[in-house]
Amino acid sequence: MIRIAVLVSGGGTNLQALIDAENAGKIPHGKISLVLASNDKAYALERAKKAAIPAISVKRKDYASQEEFDQALIASLHAYKIDMVILAGYLSILGTSVIDAYRDRMINIHPSLIPSFCGKGFYGLHVHEAALARGVKVTGATVHYVNEIPDGGKIILQKAVEIQEGDTPEILQKRVMEQAEWILLPKAAEMVAEKIAEEKAE
Ligand code: GRF
């Protein structure tokens, strides 16, 4: 069984989609074994507690440097014997040490069709504000592997979502979550967990 850590910063609706998918037997190769938040206030921590999943917070401001923060993250992930990491609305910067430790075993959900509206500064509502400002007719979500380039890793899954007349960033964000993010992330989690399980079995 592949032990999965979900890294969160906010409301945790993507974490909830993963929890619900696991409970519905849709992630047979993986088990969410840790929720790690970048702050103490993330509602995602409440969702973890309700689901009886171990939940901790590791805060960047508690560490003098990026490297010390990275090492604290790696220590936490190893303490819970984590095989695979999912970034689900996670906003802290990950240094090369963490990315190296989980290369090709760390995935992220981004609320646009990469390569549009991604990279530095494109997170949360900003992504949808940019899509509306550009006037695109279609947007969506992407799950990709995490590497050193923000939102630059190999794409795993994408799903398109129509923009509608009168959409606000908030309305669009909700539609992209409901019609794309919450569908793609559990699917990608199972695909990557199965791949890692096969590699471990070799
Ligand atoms: C949302 O903007 C979502 O589109 C992106 O991360 C943010 C928080 O999501 N993936 P969540 O509700 O904390 O999963």
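Read the figures in this text as sums done on the coordinates, not as results from a lab. Every value quoted in this text rests on a predicted model; they were computed, and no experiment measured them. So basically every Cβ, Gly included, is an ideal-geometry build from the backbone, and we count neighbours across all protein chains shown.
Tell me the label-point distance for the pair Asp62, Leu91, using the 7 Å Cα-to-Cβ offset, in nm and rounded to one decimal.
Label-label distance for Asp62 and Leu91, simple model: 1.8 nm.
What percent do you get for the relative contact order of the chain when only Cα pairs under 8 Å and 6+ apart count? Write down the numbers at each step before the final one.
Numbers: 385 pairs, mean separation 45.4, N = 202.
Answer for the chain is 22 percent.
Using the alpha-carbon atoms, what tilt in degrees (0 to 90, nearest 10) does helix 66-79 show relative to the longest principal axis of the chain?
Rounded to the nearest ten degrees, it is 70.
For the chain, modelled as a Gaussian network with Cα springs under 10 Å, which listed residue fluctuates most, His126, His144, His110?
His126
If you take the beta carbon distance between Arg103 and Lys137 as r and set R0 to 41 Å, what does 1/(1 + (r/R0)^6) give as a FRET efficiency, to the nearest 0.05? It would help to have the intermediate numbers written out before the result.
Values: r = 36 Å, r/R0 = 0.88.
That pair, Arg103 with Lys137, gives E of 0.70.
State the dimensionless ratio Rg/Rh of the range 2-201 (Rg: radius of gyration of Cα atoms; Rh: Kirkwood radius).
Ratio value, two decimals: 0.95.
Please list, ordered by chain and number, the residues whose modelled amide H lies under 5 Å from the amide H of Met106; skip anything fewer than 5 residues away on the same chain.
Result for Met106 returns Val85, Val146.
Residues with amide H under 5 Å of Ala51's amide H, sequence separation 5 or more or different chain, H placed in the peptide plane at 1.01 Å from N; which?
Amide H neighbours of Ala51, under 5 Å, 5+ apart: none.
Just subtract the alpha-carbon distance of Lys41 and Glu162 from 0.36 nm times their residue separation and send over the number in nm, one decimal.
40.3 nm
Evaluated at 20 °C with a viscosity of 1.002 mPa s, what Stokes-Einstein diffusion coefficient in µm²/s does the range 1-99 have when Rh comes from the Kirkwood expression over alpha-carbon pairs?
159
Would you grab the residues whose amide H sits under 5 Å from the one on Ser112? Only those 5+ places off in sequence or on another chain, please, with H modelled 1.01 Å from N.
Thr142
Return, for the Cα atoms of the range 46-131, the radius of gyration and Dmax in Å, separated by a comma.
14.6, 40
Residue by residue through the range 96-105, which ³J(HN,Hα) values in whole Hz follow from phi under the Karplus form 6.51 cos²θ - 1.76 cosθ + 1.60 (θ = phi - 60°), with glycine and proline marked x?
My calculation for the range 96-105 gives 4, 4, 5, 4, 5, 5, 10, 4, 6, 9 Hz in order.
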